[in-house]
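Student: Questions regarding the structure given below will be posed in turn.
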Amino acid sequence: MLAGLTAGAVEDAEARAADRPLAVVERAALAQPPARDALAALAPADRVRIIAEVKRASPSRGDLAAIPDPALQARRYEEGGAAVISVLTEGRRFKGSLADLESVRDAVELPVLRKDFIATPYQVLEARASGADLVLLIVAALEQPVLAQLHELVLELGMTPLVETHSLEEVHRAADVGARLVGVNARNLSTFELDRDLFGRLVDHLPSDAVKIAESAVLTPADVAHYRAAGADAVLIGEALVTGDPVATLHAFLEAGA
């Protein structure tokens, strides 16, 4: 499934490149104001940080929320105390777009993450051209030389790579490219099964100087408390925020992660 999602995202990017060539996107990326400092926003603190996600749908859960106004959703996240806003830009299965990212970037003061299946320099450049401050790189989707190349490009553009892992071997690969922001996703992207305890098994192997992020399997304050007790500096939350009151839910989650 992950390979198919990545291939589809690359195919869609190639279609966009036919209308907006690489050189044009590169100029737009370099013309953007400096990216916001995501590492500072997510730095370890006396309570958990939350990456709040604008997410309409997923392959595992189907439709979650219509979100007709992503900017309004993001402003509610900012009001609720989120540290970073994540925006799904994959269109086939998650029903997102770069237009969602751009509207969110203009609406909030927080760093904004482009969450997609990134596998080419073009996708990284269009993330910066659309105002992204962070870019998701999924280790399982990338050969090591490509992971290193994209990680370096994200940094060169002034953004922060969020390097997502699912196993000890992937954690070592993230460390090898110098990742400073490392996520552990409880969802297996091939089977979609959840393992909430995966973060706790891997946390001691994450780079000591990295911000440690737990992803997926967060529906209740108890889930946030579980990850915080295991050593998470931040948690990435989507479904629970788009299916309920985002401000009230964020307040409850932040309280649980204190």
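Student: Taking the Cα centre as origin and putting +1 on Lys and Arg beta-carbons and -1 on Asp and Glu beta-carbons, what dipole magnitude results for the chain, to the nearest 20 debye?
Tutor: It works out to roughly 240 debye.
Student: Counting other beta carbons within 10 Å of each residue's own, what order do 122, 227 fall into, fewest first?
Tutor: With the fewest neighbours first, 122, 227 line up as 122, 227.
Student: Would you work out the Kirkwood radius for the range 149-258? I mean one over the mean of 1/r across all pairs of different Cα atoms, in Å.
Tutor: The answer is 14.5 Å.
Student: Share of antiparallel DSSP beta bridges in the chain, in percent to the nearest 5?
Tutor: Working: 3 of 33 bridges.
Taking every DSSP beta bridge with both residues in the chain, the antiparallel ones total about 10 percent.
Student: Then there is this: In the P(r) worked out for the chain, what percent of Cα pairs fall beyond 32 Å?
Tutor: Distances greater than 32 Å cover 13 percent of the Cα pairs.
Student: Take 78, 169, 126, 90 and order them by how many other Cβ atoms sit within 10 Å, fewest up front.
Tutor: Going from least to most buried by this count: 169, 78, 90, 126.
Student: Please report the Cα spread of the range 115-168 along all three principal axes, rounded to whole Å, starting with the longest.
Tutor: So the extents along the principal axes, rounded to whole Å, are 32, 18, 16.
Student: Ok, one more. Which lysines, if any, have their Cα less than 27 Å from the Cα of residue 212, not counting same-chain residues under 8 positions apart?
Tutor: 55, 115
Student: Ranking 60, 216 by Cβ neighbours within 10 Å, fewest first, what do you get?
Tutor: Working: 60 16, 216 26.
Fewest-to-most ranking of 60, 216: 60, 216.
Student: Looking at the square roots a ≥ b ≥ c of the eigenvalues of the Cα gyration tensor of the range 25-110, which shape do they give, rounded for a/c under 1.5, prolate if a/b is larger than b/c, or oblate?
Tutor: Here the range 25-110 falls in the oblate category.
Student: Per DSSP helix of 4 or more residues, -39500 (n - 2.57); summed, then divided by the residues of the chain. What does that give at 222 nm, rounded to the nearest 500?
Tutor: Mean residue ellipticity at 222 nm (helix-derived): -12500 deg cm²/dmol.
Rule-based calculations on the coordinates, nothing more; no lab input. Quick caveat: nothing in here was measured; it's all calculated off a predicted structure. Cβ sites come from the backbone with ideal geometry, for glycine too, and all protein chains shown count toward neighbours.
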